[in-house]
Ligand code: NAP
């Protein structure tokens, strides 16, 4: 009988892991997506879309579908599903591997202000700049909606949810982005500060390099903590090794 692995997805790593698992003999993979993105693209193996109904719903799904192991390969800021995955693993005894790409770290020349939340970023922002490159994702822009004196260029993959800051231009785009393009964008819009979440990964790192080259400050929203007792793996190869499938 094949070993069923559930991959909680929504990231490039989850896609890569699903492909690697689908290629393993004796392994069946199901990727789970929240359903936030309208055209998520093809995934190897089976795909299910939509919430499970909390930790209990996820635990029920694991039992019902005879899941041998779960990999939480969700985005570092998707704290709700990560908490549910940990609780469902405790409730069912189904092993859980948490795959988290490493966060970014400041190097020489970086002018980073690390903040604990989007609200904290919004409070600090007016003292740091006035023309803002905002790349914190389409949810959570409400934190910046009261900043009526600042100009925003908002970039996201899908159209953002209102409310938005009143003086905002919207750029719909999906990474990866190059350093040259990010520098050109920052210059073209005369932006003087970048606000981003510590998502980590190479695909969207170029904006940080661009900000460093231009000497611009960055407000970096720190990641939410992982559930207690969770030791994540940093990449797909380590996730496969943790599953005993290297
Ligand atoms: P979240 O706040 O952690 O989760 C909220 C609820 O959405 C969860 O309780 C769960 O509903 C459902 N959910 C989330 N991820 C799911 C998945 N992979 N499969 C099935 N249900 C899921 O999540 P979020 O921050 O809104 O992120 C949603 C998805 O977008 C995640 O898959 C994540 O990897 C991806 N994503 C998030 C970000 C970000 O910045 N947050 C960025 C890029 C991609 P139930 O309780 O009903 O099960």
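Read-outs throughout are calculated quantities, based only on the coordinates presented, and are distinct from any laboratory measurement. Since this is a predicted model, take the numbers as computed values, not measurements. Reconstructed Cβ throughout: ideal geometry from the backbone, glycine too, with neighbour counts over all protein chains shown.
State, as an integer percentage, the relative contact order of segment 111-221 based on alpha-carbon contacts under 8 Å between residues 6 or more apart.
Over segment 111-221, the number comes to 34 percent.
What's the angle, to the nearest 10 degrees (0 to 90), between helix 79-92's Cα axis and the longest principal axis of the chain?
That helix lies at roughly 20 degrees to the long axis.
P(r) tail for the chain, what percent of Cα pairs lie past 23 Å?
Of all Cα-Cα distances in the chain, 53 percent exceed 23 Å.
Most exposed first by the Cβ proxy, i.e. fewest other Cβ within 10 Å, how do 216, 58 rank?
216, 58
May I ask you to compute the full-extension gain from residue 119 to residue 49, defined as 0.36 nm times their residue separation minus their alpha-carbon distance, rounded to one decimal in nm?
Taking 0.36 nm per residue and subtracting the Cα distance, the gain is 22.2 nm.
Which whole-angstrom value gives the distance between the alpha carbon centres of segment 66-81 and segment 1-33?
Between the Cα centre of segment 66-81 and that of segment 1-33, the gap is 12 Å.
Place a label point 7 angstrom from the Cα of residue 111 along the Cα-to-Cβ direction, then list the residues of segment 152-177 whose backbone nitrogen is under 11 Å away.
Of the residues in segment 152-177, none has backbone N under 11 Å from the label point off residue 111.
Could you work out [θ]222 nm for the chain from helices alone, using -39500 (n - 2.57) per DSSP H run of at least four and dividing by all its residues? Round to the nearest 500 deg cm²/dmol.
Computed mean residue ellipticity for the chain: -8000 deg cm²/dmol.
Take each of the peptides 219-230, 133-144, average the number of other beta-carbon atoms within 10 Å over its residues, and list them starting from the highest.
Averaged packing, sorted descending, gives the order 133-144, 219-230.
Taking a ≥ b ≥ c as the square roots of the Cα gyration tensor eigenvalues, with a/c under 1.5 meaning rounded and otherwise prolate when a/b beats b/c, else oblate, which class fits segment 101-166?
oblate
How far is helix 179-188 tilted off the main Cα axis of the chain, in degrees rounded to 10, range 0 to 90?
For helix 179-188, the angle is close to 40 degrees.
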